[in-house]
Amino acid sequence: MGAISLPPGKSGSDWISDIEHNGFAVIDNYTELPVSLQLLAELRAEEDEFRKAGVGKDQDYKILHTQRGDYIKWLEKDPRRPATNEYLDKLNELRLELNRHFYLGLQDFEAHFTRYPEGTRYVKHVDAFSTDDNRRISVVLYLNPSWYPGAGGTLMIYPPNKEAVSIDPIAGRLVVFESTLEHEVLPALFERHSITAWLLRDLRFF
Ligand code: OGA
Ligand code: MN
């Protein structure tokens with residue numbers, strides 16, 4: 001199956017109808033360049049504290065470098081990172097907006113900084129676990145100011161019975177998709193940075 005490249009992302013409320021009809025939406029310039037750069041700086045300042053991300057949950061949790069190459073740090077509000085704090089507020093607004101449109105009753109969200117070292121990937125998967133479907137909507141904000149076509153790191157989304165969609169991880173681009181959709185991150189030529197989040201049906205326990 002071939003892949004289509006998306007036209008420049010939507011703004012305004014078009015993204016709501018994209019989610020309704022396709023299960024995903026791409027919003028370009030969700031954060032303006034100076035904000036994306038500030039978020040990237042806040043991420044980089046803490047990169048030493050990132051941990052290797054795993055695959056699966058609880059007893060199934062494994063670190064499989066070949067399947068998933070990223071390093072992460074979970075986020076809470078922290079005075080060291082004003083731009084990230086504002087972004088967390090925006091994620092909460094996004095949660096409320098989706099609840100208004102789709103009556104999803106999403107009660108919480110979780111988010112982490114993400115770094116894929118050069119050459120790493122995340123093989124095809126879904127974000128809603130078979131044993132835990134609390135994750136309803138996946139939201140990724142990309143923070144790569146000098147990305148270009150051909151640099152890899154492309155997010156592929158595989159909507160059922162439709163052509164695959166390829167989305168490059170350019171700075172300020174926000175991707176919102178249903179967490180049951182299959183997707184993957186292709187190997188990147190360079191380090192790839194983002195903030196990854198999930199809107200949750202139930203409250204987190206921690
Ligand atoms: C994930 C994921 C997509 C991306 O972290 O589960 O699929 O484009 N991320 O970073
Ligand atoms: Mn995923």
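Rule-based calculations on the coordinates, nothing more; no lab input. Keep in mind it's a predicted model, so treat the numbers as computed, not measured. Methodologically, a virtual Cβ is constructed for each residue, glycine included, from the backbone with ideal geometry; neighbour enumeration extends over all protein chains shown.
Provide Rg and Dmax in Å for segment 118-206, with only Cα atoms included in the calculation.
Values for segment 118-206 (Cα only, Rg and Dmax): 13.6, 41 Å.
Please report, for the Cα atoms of segment 127-178, the Rg to one decimal and the Dmax as a whole number; what are they, in angstrom?
13.0, 38
What distance in nm lies between label points placed 7 Å from Cα along the C-beta direction at Glu76 and Lys52?
The answer from the label model is 2.6 nm.
Which distance in nm do the two modelled labels at Glu191 and Asp108 give, with both placed 7 Å along the Cα-to-Cβ direction?
3.2 nm
For Leu37, put the label point 7 Å out on the Cα→Cβ axis and report which residues of segment 116-152 keep their amide N under 12 Å from it.
Answer for this model: 145-146.
Rounding to the nearest 20 debye, state how big the charge dipole of the chain is about its Cα centre with +1 on each Lys and Arg Cβ and -1 on each Asp and Glu Cβ.
The calculation lands at about 260 debye.
By its C-alpha gyration tensor, with a ≥ b ≥ c as the square roots of the eigenvalues, how is segment 26-139 shaped: rounded for a/c under 1.5, else prolate for a/b larger than b/c, else oblate?
Cα axes put segment 26-139 in the oblate bin.
What does the charge count around Leu186 come to, taking other residues whose C-beta lies under 15 Å from its C-beta (Lys +1, Arg +1, Asp -1, Glu -1)?
-2
Read phi for every residue in segment 49-54 and hand back ³J(HN,Hα) as whole Hz from Karplus 6.51 cos²θ - 1.76 cosθ + 1.60, θ = phi - 60°, with x for Gly and Pro.
8, 5, 10, 4, 7, x
Per residue, how much space in cubic angstrom lies within the convex hull of the C-alpha atoms of the chain?
Hull volume normalised by residue count: 125 Å³.
Give me the net charge for the shell around Lys124: Cβ to Cβ below 14 angstrom, other residues only, Lys and Arg +1, Asp and Glu -1.
For residues surrounding Lys124, the net value is -1.
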